[in-house]
1. Being in contact with a strand residue (DSSP E or B) (Cβ under 8 Å, 6 or more places away or on another chain) and of a type in the set (S, T, N, Q), is that true of even one residue in segment 84-98?
2. Select from segment 49-59 the residues that are touching a residue at least 40 places away in the same chain (Cβ under 8 Å), more than 14 Å from residue 6 (Cβ to Cβ) and in a loop (DSSP other than H, G, I, E, B) and list them in ascending order.
3. Sort out which residues of segment 60-110 are of a type in the set (Val, Ile, Thr) and either farther than 19 Å from residue 46 by Cα or without any contact (Cβ under 8 Å) to a residue 12 or more places away in the chain (or both), and write them in order of number.
4. Which pairs have Cβ atoms under 6 Å, sit 6 or more apart or on different chains, and link a residue in segment 268-295 that is closer than 16 Å to residue 257 by Cα to one that is modelled with pLDDT of 90 or more and among the polar types (S, T, N, Q)?
5. Tally time: how many residues in segment 263-301 are closer than 18 Å to residue 436 by Cα and part of a loop (DSSP other than H, G, I, E, B)?
6. Are any of the residues in segment 351-369 closer than 16 Å to residue 439 by Cβ, in contact with a strand residue (DSSP E or B) (Cβ under 8 Å, 6 or more places away or on another chain), surrounded by 19 or more Cβ atoms within 10 Å (Cβ to Cβ) and aromatic (Phe, Trp, Tyr)?
7. Tally time: how many residues in segment 119-157 are modelled with pLDDT of 70 or more, charged (D, E, K, R) and in a helix (DSSP H, G or I)?
8. Which pairs turn up if I take residues in segment 20-33 that are assigned by TED's automatic domain parsing to the domain that holds residue 58 and look for partners that are in a loop (DSSP other than H, G, I, E, B) and among the aliphatic types (A, V, I, L, M) with beta carbon separation below 7 Å, at least 6 apart in sequence or on another chain?
Amino acid sequence: MKAIVLAAGYATRLYPLTLDQPKHLLQVGGRPILERLLGQLATIESLERVYIITNAKFAGRFREFAESWAGPPEVVVVDDGTTSEADKLGAIGDLALVIRRAALDDDLLVAAGDSVFSEGRLDEFVRFGLDRDAPVIAASELGDLEAIKSYSAIATDSGGRIVAFEEKPAEPKRAPGRVDVRADAFLRLAGAGALVRHRLARDARASRPRVVTELTQPRAPAGPRFESVLDLLLPQRCVVCGLGGPQLCAACLARLPRIEPPLCGRCGTPTAWPVRRCRECAGRRLAFASARAAVYYDDAVRAVVAAWKERALRRLAAAAVSVVIEALEPPRADVVTFVPPDPDRGLTRGHHPPRQLAEALARHWQLPLAAPLRRRAAKRQRGLSRAERRRNVAGVFDAKGTLPSSVVLVDDVFTSGATANAAASALRKAGARRVEVVTFARVVR
């Protein structure tokens, strides 16, 4: 058996204590939290090695700790290469990284690096899971109905299977099989190494893929209750401020900087007064009739887009859709489409934010969705000048079939307009007479 300790967070809520020190190495009662956890893991007779997955910022600190750790168990530090909240892989992404690098093929014990469990209980917990030959979750019972309001509650059937979950119940009730959860949950993926590796490799950047739901409750359909259980196992945080809760909290959502008039009538750039064409688009041959974006691409929006695209936090799509609907007037169009992904990056990510945005907007605007565009591989646009961007995407799009007269083209971010213009040009060649570009965010220089 191997253990993976998740310690790749940045603990921004504990600043300044964690500016240059991971919270897992902060001392509690004269000992680092991680030292206490490793001491408890050492009681598991079948445990051979512990992998600590962390980030590039704190990897050196953890290696110093590992060198001083006398063991058992053996400790191996894995650096996931990330440097900030904006590019971190998430819990499941880090699990996938360790499993792939270490070629793990046996039972796994997964714990948060800042967890401390009851003394002498982890070995008993592992034996329980091995006897059941099933994934198991450890929880603690409070016995105080009032205290439960600050935590959460789960209910189990006669066989111990989780059948319900309630977060911070307003009126908690004692019921048969009810367990009051107060500590970080502890997950064991038992006897399913191959399945875990396969699914994690496919969803490497997802923070909460379906694999955990399926392993926790293999015979029941995944639903809101079990998504809440997963939130307990793999707590969600706002990608902007880092506070626990939704992936984008209400306060940060409200503070995303909306783009408001006056604007350029053609490319949508904010201007001092309304103009038909601005310095951004004057003298350029644009294939689209207009371009509109909902928010400025500032640091907060950059964090949202990075988490949505690179970490596959798909709940952020709903937030982006709500902002676009609030900020932009419904277009007068016949069909909605989207900028397709680069073939290689589309396979790597496993999802495509512009398509998610287009699908939701099409439903809201009650317009059909089409996917006529095809994209050939090209060099990444990041880091290129405006002229280089235009040359890089020239001719990379083709549109299949015949399109109606008016089309809405959806993308996530409008940077220089080169990609949108190249895609709009392909749509025009396929019969569209008017193309309106709609994006969640826009870079304004």
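1. No - not one qualifying residue is present in segment 84-98.
2. Passing the criteria: only 57.
3. Matches in segment 60-110: 77, 78, 82, 83, 92, 98.
4. That search, which allows pairs on different chains as well, returns 293/439.
5. Going through segment 263-301, the residues closer than 18 Å to residue 436 by Cα turn out to be 263-270, 275-278, 280-282, 284-295.
Next, only the ones that are part of a loop (DSSP other than H, G, I, E, B) stay: 265-269, 276-278, 280-282, 284-289.
Qualifying residue count, segment 263-301: 17.
6. No, that holds for no residue.
7. Number satisfying all stated conditions: 5.
8. 22/7; 22/11; 23/11; 24/7; 26/17; 32/26; 33/26; 33/116
The values are calculated or read from the model by the stated rules, or taken from the named source; none is laboratory data. Computed from a predicted structure; not experimentally measured. Glycine also receives a Cβ, built like all others from the backbone with ideal geometry; neighbour counts cover every protein chain displayed.
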